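The values are calculated or read from the model by the stated rules, or taken from the named source; none is laboratory data. What you see is a predicted model; the values in this text were computed from it and never measured. No Cβ is skipped: glycine too gets one built from the backbone with ideal geometry, and neighbour counts run over all protein chains shown.
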Amino acid sequence: MQNPSNPKASQMRDLGASTDFYDLLVDKKNISQYHNLALSGGSGANSNYRVSMYYNEANPIAIQNWRRQYGGRLSVFQKSLNNLLSTSVNLATNFNKANLLGGQAGDFENALGRNPTQPLFDNTGRYYEEGSTVNPIGRLAQEKLIRDQQTTSADVRFSLEPFKGFKASAFGAIQHDVRNDNEYRPRDSRRSILESLNGTPIAGTGYARKYNYVDNLSTFESTLEYETKFAEHHGFKALAGYSYQYRVSSWFEGINSGFLNDQFQENNLGAGNFIALGKSSLGSFKEDNKLVAFFGRLNYDYKGKYIAQFILRREGSSRFGANNKFGNFPAASVGWNLAQENFIKSIQVFDDLKLRAGYGITGNQGIPNYRSLVRLGTGNFYLNDDGVWRQTYGPGNNPNPNLRWERKAELNIGLDFALFKGRLSGTFDVYRRRTSDLLGDFNTQLPPYIQSTLFTNVGTIDNNGIELSLSGSVIKKKDFSWNVDLVGSTQKNRLVSLSSDVFKATYLNFGSIGGTGALGDAIRTIEGGSLGSFYGKRFAGFTPEGRWLFYKASGEAVTSDKIVANEDYTYIGNGIPKFLVSWNNNLRYKNFDLTVFFRGKLGYDILNLQQAFFGNKVYLPTNVLKDALGRNNQINDALQYSDYYLEPGGFVKLDNVTLGYNWKFNSPVIKNLRLYATGRNLLTITKYRGVDPDIEDTGLAPGIDGRGFYPRTQSYTLGLNVQF
Amino acid sequence: MKRSYKGLVFASLLAILSGTNACTNLDETLYNEIDASKFYNNRQEILSAVLRPYTHANAWTAPTGQNGHWRITELSGDQLAWPQKGRHGYDDAQWIRLHGHSWSYTENTVWNPYSLMFTGVGFCNNALGDFSRVDFAKAGVSETDKNAFISELRVFRAYHYMKLMDMYGNIPIVTTVGSPTSPETRPRAEVFAFVEKELKESVDLLPNLEQKYIGRITKAAGYSMLAELYLNAEVWSGTPRWDDCIAACDKIINGQTGGLNGTPVLDADLVSTYNNTNNNSKEILFQLVYDAQATPTRCGWNGDFYHFNQRFIYDGDGNGNNGIVVIPSAYDAFNDKDLRKKEWFLIGPQFYAADPTRPVLGTEEYKDQQLNFVKEIRRASENGTASSMITGEENSGARFNKYRPGRQSEAKYWSNDWSLYRLTEIYYNKAEALMRKNGGQATGEALTLVNTVRKRAFAAADFVPYTTASLTLDEMLAERGREFIFEGKRRTDLIRFGKFTTASWWDHTPSNDPNKNLYPIPQRQLAANPNLKQNPGYPAQ
């Protein structure tokens, strides 16, 4: 097989076997199931209940990766006090056991990179290992990582309607989430032999870890609502309320090694001698936050023709600086129901025609806790003058007492319409969103600050777009009908500014490429530029020896060492789709029904990192793609990030096809029975040459297809619904 | 009747609402971090803040895998390089640009040392600022201890500024956290004066070096800094200060700044200054201390230096990124009889420490073949003969072996301290100052100082002492290179001898651009602070 003229031949050693490591990671019998049973009853509208229970077994495509959960929900509703008070209570719980050992993208990357002539086992019957790497199949067979999780929630709502038009409600809820992770790596497992715990080699003495996480969320909300009409046509509805939310999370973790045998696994952490060596690990953590709001809403309508709404929310979050905890967020909207106007009625075309306009401001507090405070944290151990090693303490952040709410102002104008007796209906929306006081960890002055970034409010992002949805009934006959839904949207993003009065940045980088070769960040957003833009070198060809050539800013093609970072870099693509479209068809023939759903994203680029790494011969002796010796065979140079690896990402997918059959029974035992079959992700039409063009396309680092090679799946479901 | 019923409803609802109105307190509580206003209640708490800059210095003064002062200055010099080795080590040409002195003011190799060192300054400033509000007597700390703590922080801060001045020259001087905003660039000579003032005001309030102050800034460390400051005064301030350098060296040599035996002495061999029990070294004047047994931390040089299978060579647990190697001409600068060449480098076929007959295997070009480190940086596996920054392979170059972790079974495995100043440097500094004062000619005392050290590196039969004729300034630079290789001092020496931008070595051609003696002020800070001024020869914005 070896070609003597191939200079890389020494790196392509034939070890004699033929192993498909990737295939060994795939769970061939990955059938999932879901069973649900619901009962309901009661004495009509004044008192009723519903109980449901379910069991679900999910088996994703990877081995050593599954989830089994069961749970139930109980809902009770009752009216009392002469029907003035209604009470509803919900109780729900979920028991969830999951195997988290497998299913990581890194496993598939590792498997794909292994020499395929390598055997799975060596001649002593152990998993074949080389150097300091870990055989992924061996790791999954040797180790254990199981999560036991239980989530419980309870809520109660009282609604009192002492007289018509007036309603007072109080709502309280708690959610309790507990996770218990159990991890063990036996003594003869590869990682137990290879790795260290707190700087001391485990040396084949086992590794056990327990991790407990508890999260509690308490919510309370009370509202007063009053509805009345003046002078027959003037309808008013007013609401005032208060809400409170408190979340507290904590975890505890213990890790030990140095076990005599594998008997205890993670169930007797104290037995390992790394405690005596001072090399076991103990950790714990706790944080909490509060969010409160006072709010009011006023609705007005005149004859159902003119509609107006005003909202004012005053929200407070513990996460902001002492003087900026509260923010005011108003909103107003107006509507004109044109279908009620005589001049529209007279055309006799529209069943519904409504023009809407709204403007509102909302706040965002989705940031980590405690970012406004000076926090002294541990800084590692140092030797004290009494000979004892103790933790040092210093500030881990720059405090920001001015931290405040991020605000999003949105102007929206829309039209709802229905024509031809409901055969065609749709909505059309145009929006402008401006997010200001953007929250983030931004570059700051160092000195005088201690750290190079400050969690602060800097900058403005604009997001403008159009959305159109149409629903039509194409055929509507007794035995046959065909309904179509079309949805399309487009939007434009722009980073308007990245500066505040004190802090200034000219760009932000996102999308760290990682892996061998330190290829840096893929995406850069500058003031005035679009979000999600790829920024880097422009490919100009190869030298006869196969070295990369890139364009300098001057237009000259040079080898990569002559390229100056930034000066010669430029915008080379964008990862956010310009258009999103979908097309859904519902067909019904007698008792059959058929759904066919297409979905597409158009007008964006994908950075194909699988080609950038596995498509370059220099990646040997890690196994490479055929493309390394095919379409990229010319490359005889280092790993590089450039527009050479950008590909058009547009696609249309046949996302869902469901065929069902319904039986109607007149039997008192069974009311209804439905059998259906669903196929998902059946067909993709695209120019993209990677695994799947449907990748992350929102956020700040869109359009990057990583090295992970997690398999994309098609799924088929068979379902039966019975109603008694 | 109906009215009173309504009234009752309103009253009870109001009660519910007003009860909840109390829930508007949004003060935050810290659970696993500390609120500074509740800290510094006793000596241990105060000391924990004094020691914070030391653990941070691990990131920038030692080769622990970050772009600190150590890595960036070594990789732009004539001894160490991080060449591309097949698919590894190209790293977007950042190491090639360091070697070729073509760094850009936007890149991380320029930004990270600035950021790391000024964060260290921040830790010093923060502790000093907090201490001004602490009642030391109430915390049970004596006036002597208080002054020593404050002096220690001021001297350490001056050390940061000295290294910042070494790299970037003209920088802002800030002594309080957060104030002033947008601090202005100060010229290098002013930074020099600030460092000198801070050191001189504080060094004599520091304790003498003794056992319990290992790893701390004592008088020995303070005077070592003064010696370095004055040795480089001509470059840094424009005015030579040879006599001040000699005076600072004499303080240390004469034992006035303490030592583990009262007075520091040269270690007898080439190993005990660097091995895993080097906390016993009588030669080291200031080190970062590590104890891999008592703490989870060790001096993690493996990331920068070690091969992917290097753990087997030492019977240890640390592999690395197969990064930094010795430039062939720097290896050749050692005479074959120089024992430092044997002790401080790893070269040749490699075997398991735990099984000396079993070869350690390669993982890349020499996958499944014995790993055999060679001096040259060539693609021998492809019959390549060129030796350059892009023609390395996995076994290219002699490797770092000055500090060795020892075997896993050893009691102090990988507990090596990282030396920042040792007595040899003081000897060499004084010798050089004497020579410079003497028109570049070695004096008798200079010869004695250098020969005393150099004798250690040769078998008695092989040792040829320097003479006035052989110890030229060029030879002094070469000898400093051999003695301090891997110790993070080479760029500063090359600049002081005028060679950094004018000399050629291996794959480096000189820029002959004196502006390259300074790194640029990083773009990130120019963008954030309008009062910063770029160094000459670099883009202003």
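Of note:
- Looking only at segment A:308-331, and only at residues there that are modelled with pLDDT of 95 or more and hydrophobic (A, V, I, L, M, F, W, C), the one that is farthest from A:Leu403 (Cα to Cα): A:Ala308
- Pairing residues of segment B:344-363 that are within 21 Å of B:Gly397 (Cα to Cα) with residues that are in a strand (DSSP E or B) and of a type in the set (Ser, Thr, Tyr), at Cβ distances under 8 Å and at least 6 apart in sequence or on separate chains, gives B:Phe351/B:Thr357; B:Pro359/B:Tyr352; B:Val360/B:Tyr352.
- Considering only residues in segment A:395-446 that are touching a helix residue (DSSP H, G or I) at 6+ places or on another chain (Cβ under 8 Å) and under 25 Å from B:Asn531 (Cα atoms), the one that is modelled with the lowest pLDDT turns out to be A:Asn443.
- In segment B:100-114, residue nearest to the other protein chains (Cβ to nearest Cβ) [restricted to those that are of a type outside the set (Phe, Trp, Tyr) and buried (at least 24 other Cβ atoms within 10 Å of the Cβ)]: B:Val110
- Of the numbered criteria (1) small (Gly, Ala, Ser); (2) over 30 Å from A:Ser218 (Cβ atoms); (3) crowded, with 17+ Cβ neighbours inside 10 Å; (4) within 14 Å of another protein chain (Cβ to nearest Cβ), the one A:Gly335 fails is (4).
- All conditions in (1) within 14 Å of chain A (Cβ to nearest Cβ); (2) surrounded by fewer than 18 Cβ atoms within 10 Å (Cβ to Cβ); (3) not hydrophobic (A, V, I, L, M, F, W, C) hold for B:Gly444, with the sole exception of (1).
- Whether a residue is surrounded by fewer than 21 Cβ atoms within 10 Å (Cβ to Cβ), modelled with pLDDT under 95 and among the hydrophobic types (A, V, I, L, M, F, W, C) was assessed, and B:Ala292 does not pass this test.
- Selection count, segment B:277-286, where residues are out of contact with any Phe, Trp or Tyr (no Cβ under 6 Å at 6 or more places or on another chain) and either surrounded by 21 or more Cβ atoms within 10 Å (Cβ to Cβ) or closer than 16 Å to A:Gly379 by Cβ (or both): 4
- Selection within segment A:249-296 - of a type in the set (S, T, N, Q), more than 10 Å from chain B (Cβ to nearest Cβ), within 25 Å of B:Thr297 (Cβ to Cβ) and surrounded by fewer than 19 Cβ atoms within 10 Å (Cβ to Cβ): A:Asn273
- Residue under evaluation A:Ser32, criteria (1) under 20 Å from A:Asp155 (Cα atoms); (2) under 30 Å from the mean Cα position of the chain (by Cα), criterion not met: (1)
- Condition met for A:Lys305 (crowded, with 18+ Cβ neighbours inside 10 Å, under 25 Å from A:Asp416 (Cβ atoms), touching a strand residue (DSSP E or B) at 6+ places or on another chain (Cβ under 7 Å) and away from chain B (no Cβ under 14 Å)): no
- Some residue of segment B:289-299 being within 21 Å of the chain's Cα centre (by Cα), among the basic types (Lys, Arg) and farther than 30 Å from A:Leu197 by Cα: no
- Residue check, A:Arg297 part of a loop (DSSP other than H, G, I, E, B) and modelled with pLDDT of 95 or more: no
- Some residue of segment B:501-513 being more than 28 Å from B:Tyr421 (Cβ to Cβ) and part of a helix (DSSP H, G or I): no
- Extreme residue, nearest to the chain's Cα centre (by Cα), among residues of segment B:41-55 that are more than 7 Å from chain A (Cβ to nearest Cβ) and within 14 Å of B:Gly215 (Cα to Cα): B:Pro53
- Residues (under 25 Å from B:Ser409 (Cα atoms) and either facing another protein chain (nearest Cβ under 10 Å) or touching a His at 6+ places or on another chain (Cβ under 7 Å) (or both)) located in segment A:180-229: A:Leu194, A:Glu195, A:Ser196, A:Leu197, A:Asn198, A:Gly199, A:Thr200, A:Pro201, A:Ile202, A:Ala203
- The number of residues in segment A:403-414 being in a strand (DSSP E or B) and either basic (Lys, Arg) or in contact with a Ser or Thr (Cβ under 7 Å, 6 or more places away or on another chain) (or both) comes to 4.
- Lone unmet requirement of (1) among the β-branched types (Val, Ile, Thr); (2) buried (at least 17 other Cβ atoms within 10 Å of the Cβ); (3) part of a loop (DSSP other than H, G, I, E, B) for A:Thr151: (3)
- Candidates A:Pro368, A:Pro330, filtered to the one that is within 14 Å of chain B (Cβ to nearest Cβ), of a type outside the set (Val, Ile, Thr) and under 30 Å from B:Asp27 (Cα atoms): A:Pro368
- Selected residue (criterion: nearest to A:Asp107 (Cα to Cα)) from residues of segment A:22-44 that are out of contact with any strand residue (DSSP E or B) (no Cβ under 8 Å at 6 or more places or on another chain) and without any contact (Cβ under 8 Å) to a residue 60 or more places away in the chain: A:Asp23
- Assessment of segment B:451-471 against the conditions (surrounded by 16 or more Cβ atoms within 10 Å (Cβ to Cβ), in a helix (DSSP H, G or I) and acidic (Asp, Glu)) yields no matching residue.
- Failed item in (1) within 14 Å of another protein chain (Cβ to nearest Cβ); (2) in a strand (DSSP E or B); (3) more than 23 Å from the chain's Cα centre (by Cα), with A:Gln445 passing the rest: (2)
- Considering B:Ser224, B:Ser182, B:Ser202, the condition of being in contact (Cβ under 8 Å) with a residue 24 or more places away in the chain, among the hydroxyl-bearing types (Ser, Thr, Tyr), farther than 20 Å from B:Trp418 by Cβ and more than 14 Å from chain A (Cβ to nearest Cβ) is satisfied by B:Ser202 alone.
- Matching residues in segment A:25-45 - criterion: being among the hydrophobic types (A, V, I, L, M, F, W, C) and surrounded by 14 or more Cβ atoms within 10 Å (Cβ to Cβ): A:Leu25, A:Val26
- Residue, surrounded by the fewest Cβ atoms within 10 Å (Cβ to Cβ), within segment A:608-646, restricted to residues that are free of Cβ contacts under 8 Å to residues at least 60 places away in the same chain and part of a helix (DSSP H, G or I): A:Lys626
- Extreme residue, farthest from the other protein chains (Cβ to nearest Cβ), among residues of segment B:377-387 that are over 27 Å from the mean Cα position of the chain (by Cα) and assigned to a loop (DSSP other than H, G, I, E, B): B:Ser387
- Residue in segment A:406-429 that is crowded, with 17+ Cβ neighbours inside 10 Å, within 14 Å of chain B (Cβ to nearest Cβ) and aromatic (Phe, Trp, Tyr) present: no
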